[in-house]
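Novice: I have a structure I would like to understand better, so I am pasting it below and will then ask my questions one at a time.
Derivation of every value follows stated rules applied to the coordinates shown; laboratory data play no part. Model, not experiment: these values are computed from the prediction. Please note: Cβ atoms are built from the backbone with ideal geometry, for glycine as well, and neighbour counts cover all protein chains shown.
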Amino acid sequence: MRNRIAFALIAVLLLAAPLVFSPFRLDLLAKYLCYAIVALGIALAWGRGGMLTLGQGVFFGLGGYAMGMHLKLVEAGPGQLPDFMSWSGVERLPLLWKPFADPVFALVMVVVLPVTVALLLGLLVFRQRVRGAYFAVLSQALAAAFVILLVGQQGLTGGTNGLTNFQLFFGLDLYDDADRRILYFAIVVVLGLSYLVVRQLARSRYGQLLVAIRDGEDRVRFLGYDPALVKTFAFAFSAGLAGIAGALFVPVVGLLTPANLGVVASLELLIGVAIGGRYSLAGAVGGALLFHYAKTIFSEQWPDSWLYVQGALFVAVMLWAPRGLAGLAGQLRDLVAARRRPAAPAPTVLEEARA
Amino acid sequence: MGTLNQLVIGASIGAVLLLASLGLTFTFGQMGVINMAHGEFIMAGAYTAYVLQPLVGEQAVLVALPVAFAVGGVLGLILERLFIRRFYGRPLDTLLLTWGISLILQQVARDVFGAPNVQVTAPGWLTGGIDVGVRIPYNRVFILVLAVGCVAAISLYLSKLRQGRRMRAVMQNRQLAAVSGVATGRVDQATFFIGSGLAGVAGVALTLIGPVGPTLGSGYIVDAFLVVVAGGLGQLRGAVIAAFALGVLNSFVEFWTANGASFAKVVVFAVIIAFLQFRPQGMFVLRSRALT
Amino acid sequence: MSKLLQVRGLNVVFSGFHAITDLDFALDAGELRFLIGPNGAGKTTLIDVITGLTRPASGSVSFAGQELVGRREYQVVRAGVGRTFQTSVVFEELSVVDNLDLAAGFRRRLPALLRRRHGVSDDVASALDTIGLGALADRPAGVLSHGQRQWLEIGMLVVQRPRLLLLDEPVAGMSRTERERTGELLQSVARDHTVLVVEHDMDFLRRFASTVTVLHEGRLLCEGTVAEVQADPRVQEVYLGRSRDELDKEVA
Amino acid sequence: MAATKWTKTLSILFLSTTLAVAGCADDPAASGSSSGDTIKVGILHSLSGTMAISEVTVRDSELLAIEEVNAAGGVLGKKLEPVVEDGASDWPTFAEKAQKLINEDKVATTFGGWTSASRKAMLPVFERNKALLWYPVQYEGLESSPYIFYTGATTNQQIVPALDYLKQQGKKSVFLVGSDYVFPRTANKIIKAYAAANGMTVAGEEYTPLGTTEYSTIVNKLGQAKPDVVFNTLNGDSNVAFFKQLRSAGLTDKTMPTVSVSVAEEEVGGIGPANIAGHLVAWNYYQTTEGATNTEFVKKYKAKYGAAKVTSDPMEAGYNAVKLWAAAATKAGSTDVEAVKKAAGGISLDLPEGKVTIDGETQHVYKTARIGLIQPDGQIKEVWNSGAPVKPDPYLKGYPWAAGLAS
């Protein structure tokens, strides 16, 4: 019951935000909410499933590019080329782009593209029991390789410039503040729905299975489950969420470039979750909002020291609050309990030490 | 002709990769610690050469090698004592922790040495090259020799010295080593000191061929980790083979395809994923009966 | 009557070391068999091979007419072979019931998995009853004692209704009363399952075993009732040909 | 997870965020530019991240120019008040900060950007808000936004003159090496068209990802192709690796001359003058460019930021941007964007690079093209110039061979 009240309260607050904020700040909030959607997926894959994905930007990008390509084609009008193609010397619309003129196709691809890539990578690596640090390193390499691929195909992808300059989003005029408000509401709704779905997933038997795999993958294997499939599903699900977030990010921010999905961007998606608390969905959402908000504030006030702050955040959270802000309360409780019963074996969080 | 050239070039790319990843085979391979700040230790090594330059003059690079080993080693030791020590068994948390530290170190370098690249002059005797169809610059030969020398020194250390044997013992079975009277904490410190020291040495070598700036290390870190992953945990020969294989692969893809440099990176990634399909633990594995 | 489990000509080699050599081994349905032998005899390795964890150099393992060699671990489990490990692994963050439910649900398809657990299924309830952890059902498994964990593990096996249970040193590290409880549990489980137990504890063996197989240096040494085996001179040599000290260590 | 725990956490996290963001919403900065006795102007460059190396110096020279304008009485009797924001080498951040400068700080104009990507990211923001951006770096052309003034060179003021120079020097074959992004790709397209029309051959074309530091293979390809000259559009760190590895492979400025369009005095320091001395660059300004205005500029710059600092083309173009805007606003008698735009055309000032005139039609500036030779001391000596300022032609309409490049 209390959960529902809190959920309703937050929903009301988010829906009331346009009354308080200037359009500029509302845009920023909308952007943070996109990151929060990604955070939900990371909390599922990393917090529950123990898969430290350092390449979530790739999925964010795939969703974003699927959407961006569609918007670019709408912008250009039928039979016309998107602006960047003309200055990249492309004369005919590449085959890859053609189906994206269809809005339904583009929307489907927003989810299908990232999910497919995640399924493929997941099945390949998880079946071979590549996990833990190895998986983290590989997912990071994926992000690095993906960026290089995007940048290298300038005629197809806009290169480093990425896709920019969108004015229309499914009938919304992105130059108009009222229409942008509608976009904001849409994002709030998507975030709310994503939250509910991930929560259901986390509480289901599947969610328990995922936690079990995180804490003892081999043991689960001897219970007759195929951990590779279970993990791949969670990984693909988180990829799908990232894709949706990327697709919403494009109209909010008005552009998408490879820099938004590279190694550093992917890590930034992760650190919000770490700060908020990877084991708590609400913590992950809150952490993502807080981190990106802090990033905006710091880079406005003390641009030179942002790296120090960001670095210190990583260190402090890992050192003193590995369960994030959401875990701090529990940590304090454990601490008090440990004082009372000095020898109490506090349950520790297991992670795979070896690949 | 072209093939031979590219083999030679591949070997020299491999030597750079090997040098950059050698320290990681210790810290990542032996201790399971993903040290994202490894790249910044490389950077520290490079800046060591820069700082020594006005004091030593032309031979700064040579003098810098041992000094950078110490600088990197001490940085690694501090990192281990202050932080990593508390993180054993939590490798993924270590990754994020050290990423934070790497950001801080980068900004420190920016504040101390300035954002622009600085210049380290190579000693005169390293400026020439040998002609074998393709010209192999002396500085590449130097890097190759340095890499091979480091590998030789490490394998000697691991097999012949008592300290080194302890290190191997801890790596293979920490608990068993601990109950057999090995001070694992001491060994961890030594491992981190050497691993980070090697990063420092790599940094000095990299001043010969590339830029010296605050982001020097971050350019190598992903590749270096890939080498260790492909080579297998804690496997010196795995890392050596992986580094040279990736180097040669890189040079061939880059040579035979148009716009190859971009393409090569993608191919290398794909090949590693494919490779892990039949060698999921990397090239060489330690057999163990433990569950997970 | 055909055997439930039939191991033929098994060889396992770990980088030059022969862990198991030309082993033939069989188990009838409904049997409770103990597997003993000094360290390095190949007991755990045999279990590893049966459950797919270790790939043999040669030989076959047929279970109820199906070949197990070459299958992945989870496929072996689905064929009806369950096992425990020397160090118990239960899922500490999940409650005792959830642990059992997880084990019971390994044949569930995805849509069923995606639902939350409502109530306790009959299988889980009866397993909970068998292992005697009913009072702790909703506590996280992390708070259980060592003995309770082992029982929970056995419960997690039972609830999967396997045709063969492989227990690897179930009473290692247990107190006297815990061992007693485990023995009773073992007997009740053995009533309707085929069970193979790897055990060092001679006392436990004498109290609860009927037939015993002795392995030594990767080969089958002898097979028989407890009394037969104890009387076998080769077994005495293997065990008693050492100092008393070593033997104590071995059986502790 | 205990249910109540996360509920509390979420509420607290969210409330704190909301309050904090709300706090910002009534930032006193939103007071507007026309009120009070100052005029706010935005400065938006990367102060952190990979581009900070280059962009910080441009910010510095822009601040110097603002100081000078203020010392001379300001604009329309009001002092300029710079609002500095960090683009953080991240293109969406550029868009975000541009929006902030326009909406919250209500700046009269903004000086900013370096990379093509940052400009493309900001362009829609300025067009949407009908606000003004002054972009101070040489770029790939093919653009003429009504809300951007371009004070760096477009292609016909840098690349085309460099090609003219090479042709005049009798170079027949050219090898193209560039970083993989928009400027090098566009520049190379132009070069190929030029070569085709002028009897030159393109011996090869190679791109490397930004930040690449391994050039042995490309150097090997250069050695085999043996072109007369290498046209280098590499950016940033890659230049250091490229020139070091080129030199150690035994290819010198004599055997493998190069002409670079992204290497200025700043970069020469990092590459090491010994590694690059004797190679060519193409810009519109060098620290050594003759003239009293430049002597004064260099003196003031060093006085403010340190004697060891060098001045370079983009810094000078940033400095120019401030001066040109101030002149336009003064002429318009207002900081209103449309009025400034209208007044800007034809404004001509004597600036460090010489006479600079705003072309009202394209909103670019007339600039003198200069080819320079890198000296062992790290300075660049001019060896050729176009004689007179070149009229900007971002779409290369005046060059028949370039027809079809900009479709």
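Novice: Using the crude model of +1 on Lys and Arg Cβ and -1 on Asp and Glu Cβ, and no other charge, please compute the dipole size for the protein assembly as shown relative to its Cα centre, in debye to 20.
Specialist: 1920 debye
Novice: For chain D, modelled as a GNM with alpha-carbon contacts under 10 angstrom, which of D:Ala95, D:Ala282, D:Ala321 fluctuates the most?
Specialist: It is D:Ala95.
Novice: Still on this structure, please answer the following. Measuring from centroid to centroid over Cα atoms, what is the spacing of segment A:118-175 and segment C:39-82 in Å?
Specialist: Cα centroid to Cα centroid, the span is 41 Å.
Novice: Gaussian network model of chain C, Cα springs within a sub-10 Å range: biggest mean-square fluctuation belongs to which of C:Glu31, C:Glu93, C:Glu217?
Specialist: Judging by the Gaussian network model, the answer is C:Glu93.
Novice: Which residue, C:Leu166, C:Gln230, C:Val77, has the largest displacement toward the positive end of the dipole of chain C when charges sit on each Cβ (Lys, Arg +1; Asp, Glu -1)?
Specialist: Result: C:Val77, furthest along the dipole toward the positive end.
Novice: Taking just the alpha-carbon atoms of the protein assembly as shown, what radius of gyration and Dmax come out, in angstrom?
Specialist: My reading of the Cα-based Rg and Dmax gives 34.1, 116 Å.
Novice: Continuing with the same structure: Cα centroids of segment A:180-206 and segment D:145-215: how far apart, whole angstrom?
Specialist: 49 Å
Novice: Quantify how strongly other chains surround peptide B:212-219 by giving the mean number of their Cβ atoms within 10 Å of each of its Cβ atoms.
Specialist: Mean partner-chain Cβ count within 10 Å for B:212-219: 4.
Novice: Over 26 Å apart: what share of the alpha carbon pairs of chain A falls there, rounded to a whole percent?
Specialist: Above the 26 Å cut-off, chain A has 51 percent of its Cα pairs.
Novice: Please list 3J(HN,Hα) in residue order for segment C:71-82, calculated via the Karplus relation 6.51 cos²θ - 1.76 cosθ + 1.60 where θ = phi - 60°; whole Hz, with x for glycine and proline.
Specialist: 8, 7, 3, 5, 6, 5, 4, 5, 6, x, 10, x
Novice: Now, a different point. D:Val230's amide H: which non-local residues (gap 5+, or another chain) put their own amide H closer than 5 Å, with H modeled 1.01 Å from N in plane and none for Pro or chain starts?
Specialist: When sequence neighbours closer than 5 places are left aside, the close amide H contacts are D:Phe175, D:Thr258, D:Val259.
Novice: Another one. Taking only the alpha-carbon atoms of chain C, what semi-axes of the equivalent ellipsoid follow from 5 times the gyration tensor eigenvalues under a square root, in whole Å, largest first?
Specialist: Square roots of five times the eigenvalues give 31, 22, 16 Å.
Novice: Which residue fluctuates the most in chain C, going by a Gaussian network model with Cα springs under 10 Å, if the choices are C:Ser88, C:Ser58, C:Ser15?
Specialist: Maximum fluctuation in the GNM of chain C, among the listed residues, is at C:Ser15.
Novice: Now for a different question. Size of the dipole of segment A:38-113 about the Cα centre, Lys and Arg at +1 and Asp and Glu at -1 on the beta carbon, nothing else charged, in debye to 20?
Specialist: Computed charge dipole of segment A:38-113: roughly 220 debye.
Novice: Arranged from highest to lowest average of other beta-carbon atoms within 10 Å per residue, in what order do the peptides A:73-80, A:206-213, D:186-193 appear?
Specialist: My ranking of the peptides, most packed first, is A:206-213, D:186-193, A:73-80.
Novice: Please list the non-local residues whose amide H lies under 5 Å from the amide H of B:Gly217, H modeled 1.01 Å from N, same-chain partners needing a gap of 5 or more.
Specialist: Here B:Met43 satisfy the definition.
Novice: In sequence order, what are the phi-derived ³J(HN,Hα) couplings for segment B:131-144 according to the Karplus relation 6.51 cos²θ - 1.76 cosθ + 1.60 with θ = phi - 60°, rounded to whole Hz, with x for glycine and proline?
Specialist: 9, 10, x, 9, 8, 9, x, 4, 5, 5, 4, 4, 5, 4
Novice: Name the residue farthest towards the positive end of the dipole of chain D from the options D:Ala203, D:Gly77, D:Pro161, assuming +1 on Cβ of Lys and Arg, -1 on Cβ of Asp and Glu, about the Cα centre.
Specialist: D:Ala203
Novice: Would you calculate the volume per residue, in Å³, of the smallest convex hull containing every Cα atom of chain D?
Specialist: 165 Å³
Novice: Amide H neighbours of D:Gly354 under 5 Å, counting only residues 5+ apart in sequence or on other chains, H built in-plane at 1.01 Å?
Specialist: none
Novice: Right, another one. For segment B:9-218, how big is Rg over Rh, using alpha carbon atoms and the Kirkwood form of Rh?
Specialist: 1.00
Novice: Please give the average number of partner chain Cβ atoms lying within 10 Å of the Cβ of each residue in A:12-20, rounded to a whole number.
Specialist: 2
Novice: I would also like to ask the following. Which lysines have a Cα lying under 30 Å from the Cα of B:Lys265, excluding residues fewer than 8 positions away in the same chain?
Specialist: Here the lysines satisfying the reach criterion relative to B:Lys265 are A:Lys72, A:Lys98, A:Lys231, D:Lys120, D:Lys189, D:Lys192, D:Lys221, D:Lys226, D:Lys244.
Novice: Let me ask something else about it. Report the Cα centroid-to-centroid distance between segment B:24-55 and segment A:16-35 in angstrom, as an integer.
Specialist: Rounded to whole Å, the Cα centres lie 42 Å apart.
Novice: Karplus couplings for segment B:37-48 from phi (6.51 cos²θ - 1.76 cosθ + 1.60, θ = phi - 60°), rounded to Hz, Gly and Pro as x?
Specialist: 7, 3, x, 6, 5, 4, 4, 4, x, 5, 5, 4
Novice: Could you point to the residue in B:Ala37, C:His200, D:Ile191 farthest towards the positive end of the protein assembly as shown's charge dipole, with +1 and -1 charges on the Cβ of Lys/Arg and Asp/Glu respectively?
Specialist: So the residue furthest toward the plus end is C:His200.
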